[in-house]
1. So which of HIS80, HIS75 is open to solvent by 30 Å² or more (accessible area, probe 1.4 Å), within 17 Å of SER47 (Cα to Cα) and in contact with a helix residue (DSSP H, G or I) (Cβ under 7 Å, 6 or more places away or on another chain)?
2. Among the candidates THR37, THR55, which residue alone is free of Cβ contacts under 8 Å to residues at least 24 places away in the same chain, among the β-branched types (Val, Ile, Thr) and open to solvent by less than 50 Å² (accessible area, probe 1.4 Å)?
3. How many residues are of a type outside the set (Ser, Thr, Tyr) and either touching a strand residue (DSSP E or B) at 6+ places or on another chain (Cβ under 8 Å) or under 21 Å from GLN109 (Cα atoms) (or both) when one looks only at the stretch 45-59?
4. Of these, ILE46, ILE24, which one is out of contact with any Ser or Thr (no Cβ under 8 Å at 6 or more places or on another chain), open to solvent by less than 20 Å² (accessible area, probe 1.4 Å) and farther than 17 Å from GLU141 by Cα?
5. Tell me whether the stretch 131-138 contains one or more residues that are in a helix (DSSP H, G or I), of a type in the set (A, V, I, L, M, F, W, C), out of contact with any His (no Cβ under 8 Å at 6 or more places or on another chain) and within 20 Å of LEU21 (Cβ to Cβ).
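The values are calculated or read from the model by the stated rules, or taken from the named source; none is laboratory data. Remember, predicted model here, so these are calculated numbers, not experimental data. All Cβ positions, even for glycine, are placed from backbone atoms using ideal geometry, and neighbour counts span all protein chains on display. Note: areas computed on protein heavy atoms with side chains; ligands, DNA, RNA excluded. Shrake-Rupley method; radii C 1.70, N 1.55, O 1.52, S 1.80 Å.
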Amino acid sequence: MAMFAEGILKLHWDQSVPVNLARIARRMDIAVRLSDTLQACAQLDISVQNKACITIGKQQSVLRQRYGVAHAIGHVALHHLRPGHQRLIDVSDNFGVDANNRSETEANQFALALLMPAQALQQRVQELRMAQWEDLAPLFEVPPILVKQRMADLNLHFNRPLALQRVPWDGGE
């Protein structure tokens, strides 16, 4: 799924961080609109003419809205919905998805790769050598838990001098 996201990024990303999802959606011919009444994070509709529309719940936080849009773009790019269908994107507090639902897992992986492009994340990790993974969340406008997950997916770690590494003391000799 990350490869599909990388393809979308190559075609539509302007290299800015945080990733401009509205620009990507527009370039993919996906309409995005706000709703005062939608309780869920987002709703994806595919018209019978195969046109995608993402509706964002205004009541949700910006972080949830961004994740919902990226997740919905993933469903569109991965062709998870047929024309005439819709899907609610409801984001849990821990931003987890139903691991038993393949299309949700794929859209989640896509969203992470879209929100935090591998090259941009690797560059920020190198620039912020002594930082914590939580420090990257504001840069990419995502929740810290998503940064942690994406860094684990990419096997990225902050390099810390030995003196700053915490090693549990066992109390013995």
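1. Values: HIS75 fails: open to solvent by 30 Å² or more (accessible area, probe 1.4 Å).
Going through HIS80, HIS75 in turn, just one is open to solvent by 30 Å² or more (accessible area, probe 1.4 Å), within 17 Å of SER47 (Cα to Cα) and in contact with a helix residue (DSSP H, G or I) (Cβ under 7 Å, 6 or more places away or on another chain): HIS80.
2. Working: THR37 fails: open to solvent by less than 50 Å² (accessible area, probe 1.4 Å).
Every option except THR55 fails the conditions.
3. At the first step, the residues of the stretch 45-59 found to be of a type outside the set (Ser, Thr, Tyr) are 45-46, 48-54, 56-59.
Retained after the next criterion (residues that are either touching a strand residue (DSSP E or B) at 6+ places or on another chain (Cβ under 8 Å) or under 21 Å from GLN109 (Cα atoms) (or both)): 45-46, 51-54, 56-58.
Selection size over the stretch 45-59: 9.
4. ILE46
5. Filtering the stretch 131-138 down to residues in a helix (DSSP H, G or I) leaves 133-138.
Those still in the list that are of a type in the set (A, V, I, L, M, F, W, C) too: 133, 136-137.
Remaining after also requiring out of contact with any His (no Cβ under 8 Å at 6 or more places or on another chain): 133, 136-137.
Narrowing the set further to residues that are within 20 Å of LEU21 (Cβ to Cβ) leaves 136-137.
The answer is yes; a qualifying residue exists.
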